[in-house]
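**Q** Below is one structure. I have some questions about it.
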Amino acid sequence: MTTLIRFSLVLAVVLSATVSFANPGSNNRPSFVRSAKFLDVIRKSDTATDKNIESVNKEVPKAKAAKVCACQILNVSSNNETLQYVAVMVEKTNQGELNNSYSIAKSVLEKEKRLMKNQFYPKMKVLEKYTVFSSCKTLAAKLTIENTDLKVYDILDADILGNANITNR
């Protein structure tokens with residue numbers, strides 16, 4: 001049984017190498033080559049037994065994706081109230097293009113600020129600006145430790161709000 005498994009793995013690797021060398025710039029490899037289960041089976045192929053095969057067939061947990069957070073701390077006021085140290089945060093999942101993720105997060109943040117200014121707080125002053133390579137919850141926790149008066153207005157999802165079909169409406 002182990003010989004059949006090893007032969008299948010070698011055949012799969014050879015086929016995937018052929019496909020990737022035929023199209024070096026593309027990412028059009030078969031989906032089984034990119035799967036975590038396949039890579040796990042390859043790593044364990046030296047000691048492949050029936051017990052190892054059963055453990056490989058279990059669901060492999062997905063890794064957490066990296067997040068990018070853009071934040072501005074504001075003083076806002078209207079005719080009725082004045083708020084100090086209000087944090088508006090926008091979080092975007094980084095898909096490998098860090099500059100693009102930052103720019104989308106910043107544009108969503110600016111749109112939210114315009115909305116706040118037009119509908120709620122006509123007077124707005126920016127105190128601090130942050131763009132970090134972490135989740136907004138982590139940044140909010142760090143900023144709250146530094147300043148206990150901080151109020152988090154909202155943590156917006158730029159993956160949804162940064163979509164061109166939504167933001168152009």
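**Q** Let me confirm something: among Lys111, Lys137, which residue is out of contact with any strand residue (DSSP E or B) (no Cβ under 9 Å at 6 or more places or on another chain) and surrounded by 13 or more Cβ atoms within 10 Å (Cβ to Cβ)?
**A** On the way: Lys137 fails: out of contact with any strand residue (DSSP E or B) (no Cβ under 9 Å at 6 or more places or on another chain).
One residue alone meets the criteria, Lys111.
**Q** Check Val90 against each of (1) under 15 Å from the mean Cα position of the chain (by Cα); (2) surrounded by 14 or more Cβ atoms within 10 Å (Cβ to Cβ); (3) in a helix (DSSP H, G or I) and name the one condition it does not meet.
**A** (3)
**Q** Which members of region 112-154 meet the condition of being acidic (Asp, Glu), outside any helix (DSSP H, G or I) and closer than 13 Å to Ala70 by Cα?
**A** Going residue by residue through region 112-154, those that are acidic (Asp, Glu) are 112, 128, 146, 149, 154.
Next, from what is left, pick out any that are outside any helix (DSSP H, G or I): 128, 149, 154.
Matches in region 112-154: Glu128, Asp154.
**Q** Quick check on region 102-110. Is at least one of its residues free of Cβ contacts under 8 Å to residues at least 60 places away in the same chain, more than 30 Å from Asn79 (Cβ to Cβ) and hydroxyl-bearing (Ser, Thr, Tyr)?
**A** The answer is yes; a qualifying residue exists.
Bear in mind that the values in this text are calculations on the coordinates, not laboratory data. Since this is a predicted model, take the numbers as computed values, not measurements. In this analysis, Cβ positions are derived from the backbone assuming ideal geometry, glycine residues included, and neighbour counts consider all displayed protein chains.
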